[in-house]
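Structure record follows, encoded as structure tokens.
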Amino acid sequence: GNSVTQMEGPVTLSEEAFLTINCTYTATGYPSLFWYVQYPGEGLQLLLKATKADDKGSNKGFEATYRKETTSFHLEKGSVQVSDSAVYFCALSDKAGNNRKLIWGLGTSLAVNP
Amino acid sequence: GAGVSQTPSNKVTEKGKYVELRCDPISGHTALYWYRQSLGQGPEFLIYFQGTGAADDSGLPNDRFFAVRPEGSVSTLKIQRTERGDSAVYLCASSLSLQADTQYFGPGTRLTVL
């Protein structure tokens, strides 16, 4: 079945450090891939997405590239800010069926210190 | 415009009681999803509606869980004979259509079963 594996946290960085959160997936078809973010006390928000191989999703300085050959969708940001402290979830949606339900990773907690 | 809303935001109940959780999706969104998120975990799919019908309820853990969407808008998740293991945050999401990739999440209902 479909699954998502993302690196365990917590991740603690200093402001302006480079961020990578690894995400790999297993899917029978060609899923869409997502990163969602959950800020403290708030609901899940879509951060970025990519719907086909080699697509790059980007938003708020974050980027992730859909790599079919390595079945990966790693999240990166060149210079993190304190306001980026949140939990980040990688997820996939199988486009093959009629159900676009999301399959999720466990989440990676990021803390950015000033 | 208004996002997905969920009520109540918190619900504390006793073991064996019946609870209803409500989701009000974004106006015009035909697809509606329920997920459950336990502490430290990613969300897990429960049920998906396209319009008024439950297109996929394969994620409901057992027959104590039931959901309806009688007019194709508001949905109610119903849990009978609650158990302590049902304690979690119940998330609702909606998307514009069956084919739409992006799901928009509500803030969730935190259910605590004592």
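The values are calculated or read from the model by the stated rules, or taken from the named source; none is laboratory data. Here the structure is a predicted model, which is why all the values come from computation and not from measurement. In this analysis, Cβ positions are derived from the backbone assuming ideal geometry, glycine residues included, and neighbour counts consider all displayed protein chains.
Give the range B:14-41 a look and list any residue that's more than 14 Å from B:Gly72 (Cβ to Cβ) and more than 17 Å from the chain's Cα centre (by Cα), or say none. Of everything in the range B:14-41, those that are more than 14 Å from B:Gly72 (Cβ to Cβ) and more than 17 Å from the chain's Cα centre (by Cα) turn out to be B:Glu14, B:Lys15, B:Gly16, B:Lys17, B:Gly40. The set of residues in the range A:68-109 that are charged (D, E, K, R), at pLDDT 95 or above and surrounded by 17 or more Cβ atoms within 10 Å (Cβ to Cβ) comprises A:Lys77, A:Asp84.
Within the range B:99-114, if we keep just the residues that are more than 7 Å from every other protein chain (Cβ to nearest Cβ) and surrounded by 19 or more Cβ atoms within 10 Å (Cβ to Cβ), the residue that is farthest from the chain's Cα centre (by Cα) turns out to be B:Val113. Taking the conditions exactly as written (on the phi > 0 side of the Ramachandran plot and more than 14 Å from every other protein chain (Cβ to nearest Cβ)), does B:Gly72 satisfy them or not? So B:Gly72 passes the test. In the range B:43-66, the residue that is surrounded by the most Cβ atoms within 10 Å (Cβ to Cβ) out of those that are over 24 Å from A:Val4 (Cβ atoms) and not charged (D, E, K, R) is B:Ala54. Answer with yes or no whether B:Gly59 is on the phi > 0 side of the Ramachandran plot and not in a helix (DSSP H, G or I). So B:Gly59 does not fit the description; no.
Within the range A:35-48, can one find any residue that is within 14 Å of chain B (Cβ to nearest Cβ), surrounded by fewer than 20 Cβ atoms within 10 Å (Cβ to Cβ), modelled with pLDDT under 95 and more than 19 Å from B:Pro107 (Cα to Cα)? Looking for residues that are within 14 Å of chain B (Cβ to nearest Cβ), surrounded by fewer than 20 Cβ atoms within 10 Å (Cβ to Cβ), modelled with pLDDT under 95 and more than 19 Å from B:Pro107 (Cα to Cα), one finds none in the range A:35-48, hence no.
Within the range B:67-84, being surrounded by 13 or more Cβ atoms within 10 Å (Cβ to Cβ) and either of a type in the set (Phe, Trp, Tyr) or under 21 Å from B:Leu96 (Cβ atoms) (or both) holds for B:Ala67, B:Arg69, B:Gly72, B:Ser73, B:Val74, B:Ser75.
Do we have B:Asp86 as at pLDDT 95 or above, over 30 Å from A:Met7 (Cβ atoms) and among the acidic types (Asp, Glu) here? So B:Asp86 fails the test. Taking the numbered list (1) of a type in the set (A, V, I, L, M, F, W, C); (2) within 18 Å of B:Pro8 (Cα to Cα); (3) surrounded by fewer than 23 Cβ atoms within 10 Å (Cβ to Cβ) in turn, B:Leu96 passes all entries but (2). Would you mind stating whether B:Gly40 is more than 12 Å from every other protein chain (Cβ to nearest Cβ), at positive phi and of a type outside the set (Asp, Glu)? No: the conditions fail for B:Gly40. Kindly evaluate A:Asp55 against the criterion of being more than 9 Å from every other protein chain (Cβ to nearest Cβ), in contact (Cβ under 8 Å) with a residue 40 or more places away in the chain and charged (D, E, K, R). For A:Asp55, the condition - more than 9 Å from every other protein chain (Cβ to nearest Cβ), in contact (Cβ under 8 Å) with a residue 40 or more places away in the chain and charged (D, E, K, R) - is not met.
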